Each structure stands twice: as structure tokens, then as C-alpha cells.
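The structure under discussion appears below in the form of C-alpha cells.
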Amino acid sequence: MTIVYIGLGSNLASSAESPRQHVITAIESLDDIQSTRTAHISSLYKSKPLGPQDQGDYINAVVQIETELEPLELLDNLQAIENKHGRVRKEHWGARTLDLDILMYGEDIINNERLTIPHPEMLNRSFVLVPLAEINSDCAIPGKGLVRDLILNLDQDGLEVSNE
């Protein structure tokens with residue numbers, strides 16, 4: 001089994017679910033992926049959007065899973081969950097019903113046309129590192145350092161635990 005960290009985010013409601021519910025339902029769906037089990041779930045966090053500011057705040061979380069799937073098999077399963085939630089890929093950093101990112105896959109470093117691990121922007125995102133630190137502050141990001149050290153100088157303005 002490989003330990004994998006998944007970042008989740010949503011800021012666009014659908015006819016059936018709010019952004020918060022999209023994230024909660026997606027977390028539940030992770031256990032439905034074959035040869036995979038959920039190990040730890042962070043709190044839900046509310047954050048300001050990156051990119052265009054004419055969109056709603058995001059609900060974010062990080063989940064630690066254990067899987068026997070290879071990285072691209074896992075990615076395919078995550079994209080299937082996004083698609084079930086009506087994910088449309090039309091604008092970079094635009095509003096979305098659901099975004100699932102593989103942040104880390106064990107200690108692997110992967111860089112191909114479909115997948116870059118560790119996630120290339122995670123070091124700049126408090127909505128990723130803060131929930132990751134909540135789950136495992138001793139986690140080492142391959143080639144970058146320990147999460148507990150990396151969050152020290154990270155701007156956390158606009159990030160708050162979502163209790164809605």
C-alpha cells in the first residue's frame with residue numbers, strides 16, 4: 001500500500017449539492033475506489049479563490065489514503081469522481097464543482113504529460129499545506145522539506161476552518 005495525499009476543493013454549487021457537500025461526498029467516494037482506503041481526513045477549510053476573483057470562496061480539505069493503485073490509475077478514478085460532480089474544465093483557476101488533486105504519492109517524484117507529483121503549486125497554497133499539516137505535520141514533501149517547516153512563512157490570510 002502506498003500513502004497518498006489528495007487535495008479537494010469546490011466553490012461552485014450544482015443543482016444537487018453545495019460546494020461543502022461536493023467535498024464531503026467526494027471524500028466518501030474515495031472509499032469506493034478499488035484497492036484504496038481512507039486513512040485521515042482534515043477539517044474543511046474556507047479559502048479565497050486563486051486567479052479570477054469574480055467567483056465564490058472555496059471549501060478545501062486534504063485526505064490521506066492508502067492505495068494499491070498506480071498513480072495514473074488513481075488519477076483516472078479521481079477524474080471519474082470529478083465528472084460525477086459535473087466538473088467542467090474550461091478556465092484555468094476558474095470556478096469548479098469539484099477539484100481532486102494528487103498532492104503526493106508516497107515518496108515518488110513524477111513528471112509526465114498527465115501528472116506532476118509532488119503537486120507543483122502545493123508549497124504556495126495555504127489551503128493545501130494547512131490541512132495537510134493538520135493530518136501529518138511531520139510529512140516530508142519529496143525534495144522540498146517537512147510540512148511543519150514549510151507552513152511557517154506561508155501567507156494564511158483568508159483561510160479559516162469552515163464550520164458551516
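Under a point spin-label approximation (7 Å from Cα along Cα-to-Cβ), what is the SER137-GLN79 distance to one decimal in nm?
3.7
Suppose every Lys and Arg Cβ carries +1 and every Asp and Glu Cβ carries -1, with no other charges. What dipole size does the chain come out with about its Cα centre, to the nearest 20 debye?
Values: 13 positive and 26 negative charges, 72 e Å.
Dipole about the Cα centre, nearest 20: 340 debye.
Rounded to the nearest 500 deg cm²/dmol, what is the calculated helix-only ellipticity per residue at 222 nm for the chain, with -39500 (n - 2.57) per DSSP H run of length n ≥ 4? Mind dumping the intermediate values first?
Numbers: 4 runs with 41 residues, N = 164.
Per the formula, -7500 deg cm²/dmol.
Lys/Arg Cβ at +1, Asp/Glu Cβ at -1, dipole of the chain taken about the Cα centre: which of LEU78, VAL161, SER43 is farthest positive-ward?
VAL161
Enumerate the aspartates and glutamates that LYS144 could reach by cross-link, defined here as Cα to Cα under 14 Å, with residues fewer than 8 away along the same chain left out.
GLU107, ASP108, GLU121
Take the Cα radius of gyration of the chain and divide it by 2.2 N^0.38 Å, with N its residue count; two decimals is plenty. List each step's numbers first, then the result.
Working: Rg = 14.7 Å, N = 164, 2.2 N^0.38 = 15.3 Å.
Dividing the Cα radius of gyration by 2.2 N^0.38 Å gives 0.96.
Take peptides 17-23, 63-69 and line them up by average Cβ neighbours within 10 Å, highest first, as a rough protection proxy. Walk me through the numbers on the way to the answer.
Values: 17-23: 20.6, 63-69: 18.9.
Ranked by mean Cβ neighbours within 10 Å, highest first: 17-23, 63-69.
Bear in mind these aren't lab numbers, they're just calculated from the coordinates by the rules spelled out. Predicted model only: the values in this text are computed from it and were never measured. When we count neighbours, we look across all protein chains shown, and the Cβ atoms used for this are built from the backbone with ideal geometry, even at glycine.
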